[in-house]
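Worksheet: one structure, shown below.
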Amino acid sequence: MKYKLKKETKPTLATFGRYKAVAVHGQTVDTRQIIQEVSRHEGLSEGTVTAVMMGLSSAIARHLRQGDKVRLDSWGLMKLEIESDKVAHAEDFSPRKHLRGVRLHFLPESAKGKPALYQNIKFEREKERG
């Protein structure tokens, strides 16, 4: 996994002027590419893999919208979280006024607190250009 160092530029933060590592994402892999890879690796037709992926996507989205948590073996747990303003008194809360949005929260599957997704990542600093 490649990273680059980025200087904090917000003067209001305690870490202003300090450097941190940020991930460098080389490419975006699309659905078509994933379907082709799974098809080749599992010996299934692209049509079969497409049908399963679309069905999986639809079922997961439906459950998340209903407020369910979705746990998939080897992946992890997904759930939607609400972003909301805070109010001093419960009776002052108005969904139209104080609900700001929804975020997907993903917790990778882990054994004893160590997510397999994060294991064996090799970090490499991206060479600076120019």
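The values are calculated or read from the model by the stated rules, or taken from the named source; none is laboratory data. Quick caveat: nothing in here was measured; it's all calculated off a predicted structure. Don't worry about glycine lacking a Cβ; one is built from the backbone with ideal geometry, like all the others, and counts go over all protein chains shown. With ligands, DNA and RNA removed, areas are computed over all heavy atoms of the protein, side chains included. Shrake-Rupley method; radii C 1.70, N 1.55, O 1.52, S 1.80 Å.
In segment 63-72, which residue that is closer than 20 Å to GLU109 by Cα and basic (Lys, Arg) is most open to solvent (accessible area, probe 1.4 Å)?
ARG71
Within segment 38-62, track down each residue that is in a helix (DSSP H, G or I), of a type outside the set (Ser, Thr, Tyr) and open to solvent by less than 80 Å² (accessible area, probe 1.4 Å).
Residues satisfying the conditions are VAL38, GLY47, VAL49, ALA51, MET53, GLY55, LEU56, ALA59, ILE60, ALA61.
Could you list all residues from segment 91-121 that are under 22 Å from MET1 (Cβ atoms), among the small types (Gly, Ala, Ser) and loosely packed, with under 10 Cβ neighbours inside 10 Å?
Within segment 91-121, the first condition is being under 22 Å from MET1 (Cβ atoms), and the residues that meet it are 104-111, 113-121.
In the following step, the residues that additionally are among the small types (Gly, Ala, Ser) were identified as 110-111, 113, 116.
ALA111, GLY113, listed by residue number.
Restricting attention to segment 1-37, report how many residues are without any contact (Cβ under 8 Å) to a residue 60 or more places away in the chain, in a loop (DSSP other than H, G, I, E, B), closer than 20 Å to TYR118 by Cβ and among the hydrophobic types (A, V, I, L, M, F, W, C).
So the count comes out to 1.
Give just the number: which of (1) open to solvent by 70 Å² or more (accessible area, probe 1.4 Å); (2) assigned to a strand (DSSP E or B); (3) aliphatic (A, V, I, L, M) does ALA88 not satisfy?
Condition not satisfied by ALA88: (2).
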